[in-house]
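All remarks here apply to the structure that follows.
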Amino acid sequence: MSDIIKKLQEQRNRLIAQGRAILHAVGSDPLSPDDVIKYDGIDGDVSALTSTIQRHQAEQDRPAIADTRAASDVSPVIEPESRGVSVKSEEYRSAWEKAIFRRGGLSVSESRALEAGVDAEGGYLTPTITEGRIIEGLREQNFMRALSTVIQVSGKTNVPTVATDGSATIVAEEGTITPSDGSFSQLAFSPYKLTTSVLVSNELIEDAAFNLSDWLNQELTRRLAAGENTYMINGSGSSLPQGWMNGVSANVTAAGAAALITDEIYDLWFSVKQSYRQNGVWLMEDLTLAAVRKLKDTTNQYIYSPGYQGGPDQLFGRPVYTHSDMDAMTSGKRSVVFGDPSWYMIADQGGTRIDVSRERYIETDQTLVKATRRFDSKISIAASGGCIVQA
């Protein structure tokens, strides 16, 4: 074994140990958003090192070329470089930006570098630095992604989850102990394709004074975040991701078709178990919030508390979020959701894929840039939240 392979293996083993330490620290609890980012970063580094080790090993095992022909009859053999290029490398990032944002041809080494990030469907995966900025932008603009549990999957995946909890009871001396086993189920994730595209004039691409890379990153991220929010809140779960609003239990039915009363808010609050209430958040549409802000308790005090010094508004001490994709106060609709969103799971497959088409819009001298992400989402425990359904 060469010294290079040995060093790479030692580096990979250290990263694997770090990843296992993160999982061991949380035990059976879901990973926090920060832990998910750390673990996914370590997992990506391990995969990149594994690929690099395999390339070095293949080169080491390659048999020597034996050719008995005369030297004058032999054409020079150009072997591909054995170095490992990944989407994390500066070499890949430079070649990616040139391929996406510039019209100039790529050199042989640049084309070879891009092979590391060619997606199965043909587009280029974004470099690690750019992907990190996209993910951070998605978290900032999509509060569901920031509050929920995010995992990485590869294709269709089943994730085990607790369906019912076991319990503990007092047993008399020499009394019979009755088993109380929890039951488990599986969540089936099948990532869906979310995509958006931007038409850019070629003059803009050629204008060195305009930072096209940053602008496209911001615009594509904004669109992807808006699309994710829609499905993660209101997705039906039938040939679509399941939205949090449609995944929680329907615990309270309002007396009116287009109104709410204070008791209904209290009923929803206490319908969710205390273990889920302590990390719960409220979600509703803006006009619903306007109605809730007017509600008072029996002492004539408003139940709603506006946030101060940049903090979120609160109901019963828990944050309130609003979004236009929540149902309005309409008969049969779910107008208010309350619960712990960490039990809502988002399954990402891979990173953001970028495709470029210059031929289709050649007559208008434009370039089409398309961004695609694949994800699925659904609630793991319906009882972790509840909602009010209008009469």
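The values are calculated or read from the model by the stated rules, or taken from the named source; none is laboratory data. None of these values were measured; they are calculated from a predicted model. For neighbour counting, all protein chains shown are included, and Cβ atoms are generated from backbone atoms with ideal geometry for every residue, glycine included. Keep in mind that these areas ignore ligands, DNA and RNA; they rest on the heavy atoms of the full protein, side chains included. Shrake-Rupley method; radii C 1.70, N 1.55, O 1.52, S 1.80 Å.
At a glance:
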| read-out | value |
| --- | --- |
| Hits in the stretch 171-213 (condition: open to solvent by 90 Å² or more (accessible area, probe 1.4 Å), assigned to a loop (DSSP other than H, G, I, E, B) and modelled with pLDDT of 75 or more) | GLU173, GLU174, THR176, ILE177, THR178 |
| Residue list for the stretch 224-252, filter: surrounded by fewer than 20 Cβ atoms within 10 Å (Cβ to Cβ) and not in a helix (DSSP H, G or I) | SER236, GLY237, SER238, SER239, LEU240, SER249, ALA250, ASN251 |
| Filter result (crowded, with 18+ Cβ neighbours inside 10 Å and of a type outside the set (A, V, I, L, M, F, W, C)) within the stretch 214-223 | ASN217, THR221 |
| Pick from the stretch 136-170, criterion open to solvent by less than 60 Å² (accessible area, probe 1.4 Å) and part of a loop (DSSP other than H, G, I, E, B), ranking: modelled with the highest pLDDT | SER148 |
| The stretch 38-58 residues that are in contact (Cβ under 8 Å) with a residue 24 or more places away in the chain and under 20 Å from SER2 (Cα atoms), paired with ones that are open to solvent by 50 Å² or more (accessible area, probe 1.4 Å) and of a type in the set (A, V, I, L, M, F, W, C) (beta carbon under 7 Å, 6 or more apart) | VAL46/ILE16; HIS56/ILE4 |
| Residue in the stretch 16-29 that is modelled with pLDDT of 75 or more, under 19 Å from GLY350 (Cα atoms) and in a helix (DSSP H, G or I) present | yes |
| Scan of the stretch 253-272 for residues that are open to solvent by less than 70 Å² (accessible area, probe 1.4 Å) and either of a type in the set (S, T, N, Q) or touching a Gly at 6+ places or on another chain (Cβ under 7 Å) (or both), ordered by number | THR262, LEU268, SER271, VAL272 |
| Elements of type strands (runs of 3 or more DSSP E) in the stretch 318-383, at least 3 residues being of a type in the set (Lys, Arg), touching a residue at least 40 places away in the same chain (Cβ under 8 Å) and open to solvent by 40 Å² or more (accessible area, probe 1.4 Å) | 366-379 |
| Odd one out for VAL85, checked against (1) open to solvent by less than 40 Å² (accessible area, probe 1.4 Å); (2) of a type in the set (Val, Ile, Thr); (3) at pLDDT 75 or above | (3) |
| Search result, residues across the stretch 273-300 that are aliphatic (A, V, I, L, M) and open to solvent by less than 50 Å² (accessible area, probe 1.4 Å) | VAL281, LEU283, MET284, LEU289, ALA290, ALA291, VAL292, LEU295 |
| Pick from the stretch 319-362, criterion modelled with pLDDT under 90 and over 21 Å from the mean Cα position of the chain (by Cα), ranking: nearest to ILE381 (Cα to Cα) | VAL356 |
| Only one of LEU283, LEU287, LEU268 that is more than 28 Å from the chain's Cα centre (by Cα), closer than 30 Å to ASP29 by Cα and at pLDDT 95 or above | LEU268 |
| Hey, SER32 at pLDDT below 75 and loosely packed, with under 15 Cβ neighbours inside 10 Å or not | no |
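Quick grid of which residues meet (1) closer than 25 Å to ALA146 by Cβ; (2) of a type in the set (Val, Ile, Thr):
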site: THR221; (1), (2): yes, yes
site: LEU224; (1), (2): yes, no
site: ASN229; (1), (2): yes, no
site: SER236; (1), (2): yes, no
site: ASP263; (1), (2): no, no
